Amino acid sequence: MSEARRIRVLPDSLVNKIAAGEVIERPASVVKELVENALDAGATRVEVEVDGGGRALIRVRDDGVGMSRDDALLCLERHATSKLSSDEDLFALRSLGFRGEAIPSIAEVSRFELTTGLCGQERGSRLVVDGGVIREVEDAPNAGGTEVVVRRLFFNVPVRLKFLRQPRTEMGHVVDVVTRIAMAHPGVGFSLRSGGRALVDAPVAGGLGERVRRLLGKRATSQLHDFHAEDDGWRAEGMLSDPSLHRSNNSGLFLYVNGRPVRDRTFVGAVLSAYRGVVPRGRYPTVVFFLDVPLDEVDHNVHPTKAEVRFRTGRKVWRFVSRVLDDALLRLSGTSPSPTMGQPPEVVSATVQAEELRLARSAREERPVYGQLGNLAGRAMDRAPAVLGAAAASDQATVTVAPAKSTVPDSTYALPIAAGQSASGRGCSGSLLSLARFAAVHQRGGLESLPAYADLEYIGAFARSFLLCAAGDELVVVDQHAAHECVLFERFRSHQAGQEARTQRLLMPELLELDASRVLALSDAQEALLGMGIELSVFGSDTVALHGVPAGLGAGRVRQAVGDMADQLVAGAESSRLDFVRYQLSAMLACHCAVRAGDPLSRDEARALLVQLDQTQHGSFGPYGRPVTVRFDRDQVVRWFVRD
Amino acid sequence: MNDKYPRVSLVDVMDAPANPEALMQRARSLAGRSLAWIAAELDQPVPDDLRRHKGWAGQLLERALGASGGSRAEPDFPHLGIELKSIPVGTDGRPRESTWVCVAPLDGSLAPCWQDSWVRRKLASVLWLPVLASAGQPPGERRVGTALLWSPSAEEDRLLERDYEELAELICTGALNRLDAHQGEALQLRPKAANSRELVWMLDEQAQWVEVNPRGFYLRRTFTEQLLSDRLLLPST
C-alpha cells in the first residue's frame, strides 16, 4: 500500500473544515448558530448586522452573560460546550445548541472576531481567529454580553464560496432564519439590519400574538387565529390562518418542536392534511405551530444544524397535530364562513361533518387517516363541480383537443395535464410550463389550422364558465378563463418585448405587508414588473406600495398577484434567467387578472373575448398548458344520444 | 428599487424643490404615508380633530413639499408656477368637498376676462395631492395618495372659461341674488369667510354699495372627481 493511501488521523484544521461543511452551509447558518448561542447565553436583545448577503460581514451582538477569557478560548475547540455535561443531558436538552461545533466551524472558514466579557467585570477579552488560526488574544473594554464578527466567510473554502447564491438570495435565507428564531422568543428583542436598512425589527413583545403580528404584518395577522391544546404531556400553541389566507408555497409554515424551528416531513404533512380541501389545491396556509413534547419523544441530535428531528412515533405526532388543527378549523368554520368557498356554512352537526370529511378524504387518499376532524368549508370544496372531472381525477389525464378548423378532421392532439391540476378549476393551480415546453406546444399549435374565433357562432355560456359556440358541424367549447388568460398573457409578454406598457396609477397606493425577503425579491424584480405595467416601491422593511397597475385591470387582482409573485420569486430565487422570471410573472398576472370561471359574461363581452383571441399569436393554450378550446364534431354529439 | 419612489427624509426637504421633477419626487415619497407619519418626520404636533385646525393637513403637506407661497395670491411654488391642492377623498376615491381656488373680488377689481384672471393663473398648473379621509377618521390616520401634476386639458379649460365668464358677469353686474353656489358647472362661487359677520363692499344692480359676505371661487366636486378618475384609478373602480 502506498504512503498516500494509508489510514491516518486527519489534522484538526481538515477535520474542522469537514465539520464546517455540515454545520455552516451558508451565511444564514452562521447567523442561526450565533443567534442561538446568544439566546442560550440568556440574551434579552440580539442585534444582527449582515452585509453582502453575509459574505462580507456578519455581526451578532447580544447582552447575555458573556464569557471569561478561558471560556472564550475553549469555545474555539471542537466539542467544547457549557450546555452538556453527561449522557443524560443529551436526552433532556433545553438549550438550542449543545454539540460545541458551531464556533470552531465558523472560525475555521472565516476571519472571526469574538469580543466578550463576564457580567460585572470591567475588562473583557477580544479574540481574532483567521481561518482557524488564533491571531490575537487581548484585553478589551467589557460592554456586557458578546459580539461576534464574521468577515470573508468561506475565504479559504473556494468550493463552498462558489455554491453561494446571489447576495439577495442569501439575505433572504438570513431573514428567514432570524424571523423563525424571533418568532419563538417573544421575550427577546431582535433586529436585523443590512445596508442601513432594518429588515427585521422585533422589540420585546408581550406574547406570541404580538411577536407574530410584528413579524408577519398586521394584515396577515388579522386573518390568523390562536389555538392551543394539551393532551398527555403534549402541548400545542400557535396561530393558524383563516382558509381565505393562502399562498403559493410553504414559507408561511413556522413549525417548532420544543421551541426549536424544525423541518420535519411528518409535522408539515400533518399541518397540510388538516387544510386539505380547505385551501385550494396547490396552495399553502400560514401556520405558526409550537409543539412541545416530552423530551424522550424526540431526538434533536440528528443533524448538526438541529433543523431535523426524529420523533419516537411519527404517527403520534401526525395524529396530535392534525387533530389540533382540525379542531381549530372546525371552530373557525362554525363561527365564520370561509370567504374563499363562497357559501355560508350549513347547519350540520360537527359529528356528521367530521365523519363526512373523513370519508371524503379517505376516498381521495391512499394513506391511512389518523382520525381527522373536518369542516364545512372542506365539504364545499369537495362538492365543487368537475366539468372535466374524469380528466382532473386521474394522475395523468388526457384531454383531447382539436383545432376548430383543422384541415384534417382527425388531426387531434393531446396535452398531458399534471396530477393535481384541474382542467376546470377557477384559477391555475397547476405548474407553469417551461419556456421550452411552452414554445414547443405553441409551435405545434401554430402548425394546426387555428380557428378564427370571431367567425364562431356564439350560442351562449354554460355554467358561467364555458362559451358554447358552433363552427359548421362542430361544437366548440371555449374556457373563458383560459381564453382571457391567453389574451392577457400575450399582452404582458408583448410589453416585455419592448412595447410600451400602459400603467394606470392608483389614486391611493395599495400597501402590501410582506416579509423582508419578499420585499427584497420584489424590489429586484421591479424592472420586470414595470414592463408589465406594475409600479411598486419599497415602503418599509416589510411593506411594498403598489402605485400602478396595468391599464384596464383592477387593483385588487393585481395586488393578489403581486403577493403570489413575491412567493414565487423567493421560492425560485435561484433562477438567474430573467426571461423566465418575466415569463413566470406574466403567466401569474394573466391568471390572476383573467375573468374567472363563474364570472358572468354578457354576449357582447363573450364576443369581444373571441375577437381578442384572434389577435393573439397562440390562442390554443394558456401558459399553464391548459387548452382554451375543446371541440366535438357532429358524430361525437350524435353518439352521446345513442343515435346512428 | 428605482429612484421614482425614493425614501426622502422630510427634514432635508425644507427648501423649495428646484424643478417640477424634484417636486414630483418628493410628492411620490409621501404616497401612502399617514399624516401622523409626516408630522412626526417634521416634528409637528397632530391635532385631535380639524374643527379648530382647519387647513392643518394642507399646511403640513405644503411644508413637507417645501411650498413657500402660503395663502398669498401667487402659486405655492412661485418659481415653478405650480399650485398645491390637497384634496380630501373618501374611501371610494371621490372628493369629499369642493376645492378652494382663490378669492372672488367683489369690489370691481375682478378681471372680467378668463385669460387675465387669477383663477386661470392658479389653475394653470396644479399638483393635486389626494388625502384619504373617511368620516370621523382622526387627522393623523389619514393617508396621502398619489400626486398628480395637472394642467387643464383644452376641454377642461373651455369649461372653466365659460363658467368663469358667467360668474364674472354676475359680479360685474351686481346680480346679488344670483351670487350663489348654484351657478357654474365646474367653477362655482361660495361664501368664504370665518363667519357671517365678515362683510365686504360690493356695488349692487342699482350701483349702490352694499355689504355682503365675501365669496371665493371653488371647483365643484363633480369636476375634481372627473379630473382624478380620468387620470388615476379610483379605489371603487
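Taken together, the values in this text are just the output of simple stated rules run on the coordinates, not laboratory data. Since the model is a prediction, treat every value here as computed from it, not as a measurement. No Cβ is skipped: glycine too gets one built from the backbone with ideal geometry, and neighbour counts run over all protein chains shown.
So if I place +1 on the C-beta of Lys and Arg and -1 on the C-beta of Asp and Glu, and nothing else carries charge, what would the dipole magnitude of chain B be about its Cα centre? I want it in debye, nearest 20.
700 debye
Counting each DSSP H run of 4 or more residues in chain B as -39500 (n - 2.57), what helix-only mean residue ellipticity at 222 nm follows after dividing by all residues, to the nearest 500 deg cm²/dmol?
Here the helix-only value at 222 nm equals -8000 deg cm²/dmol.
For B:Glu41 paired with A:Asp232, estimate the spin-label separation in nm (one decimal), with each label point 7 Å from Cα along the Cα-to-Cβ line.
In this crude spin-label approximation the distance works out to 5.9 nm.
Let me know the Kirkwood hydrodynamic radius for the range A:217-332, please, with Cα pairs as the basis and the value in Å to one decimal.
Its Kirkwood hydrodynamic radius stands at 14.3 Å.
Pop a pseudo-label 7 angstrom from the Cα along the beta-carbon direction at both A:Arg123 and B:Val212 and give the gap in nm to one decimal.
For the pair A:Arg123/B:Val212, the computed spacing is 9.0 nm.
Given a Förster distance of 56 Å, report the FRET efficiency between A:Arg331 and A:Arg6 from their Cβ-Cβ distance, rounded to the nearest 0.05.
Efficiency, rounded to the nearest 0.05: 0.25.
Give me a single rounded figure for A:106-115: the average over its residues of other chain Cβ atoms within 10 Å of their Cβ.
0
Rg/Rh for the range B:10-232: what does it come to with C-alpha atoms and Rh from Kirkwood?
That ratio is 0.98, to two decimals.
List the GluC sites (Glu not before Pro) within the range B:147-237 that fall in a DSSP loop (any state other than H, G, I, E or B) and whose Cβ has at most 15 other Cβ atoms within 10 Å.
For GluC sites (Glu not before Pro) across the range B:147-237 that sit outside H, G, I, E and B with at most 15 neighbouring Cβ atoms in 10 Å, the list reads B:Glu185, B:Glu198, B:Glu205.
Over chain B, what is the relative contact order in whole percent, taking alpha-carbon pairs under 8 Å and six or more residues apart?
For chain B, the relative contact order is 21 percent.
In nm, give the distance between the simple-model label positions of B:Ala135 and B:Lys192, each being 7 Å from the Cα along the Cα-to-Cβ direction.
The answer from the label model is 2.8 nm.
Considering amide H positions built from the backbone, and no H for Pro or chain starts, which residues 5 or more places from A:Thr503, or on another chain, come under 5 Å of its amide H?
For A:Thr503, whose amide H was placed from the backbone, the distant partners under 5 Å are A:Ala551.
Please give the residues of the range A:223-244, grouped as numeric ranges, whose backbone N is less than 16 Å from a label point set 7 Å along the Cα-to-Cβ vector of A:Lys316.
Zone members listed by number: A:230-236.
Between B:Glu169 and B:His53, take the C-beta separation as r, use R0 = 41 Å, and let me know the FRET efficiency to the nearest 0.05.
E between B:Glu169 and B:His53, to the nearest 0.05, is 0.65.
Given R₀ = 60 Å, FRET efficiency for B:Ala124-A:Ala143 by Cβ-Cβ distance, to 0.05?
0.50
Using Cα centres only, tell me the gap between the range A:141-204 and the range B:218-232 in whole Å.
Computed from Cα coordinates, the inter-centre distance equals 49 Å.
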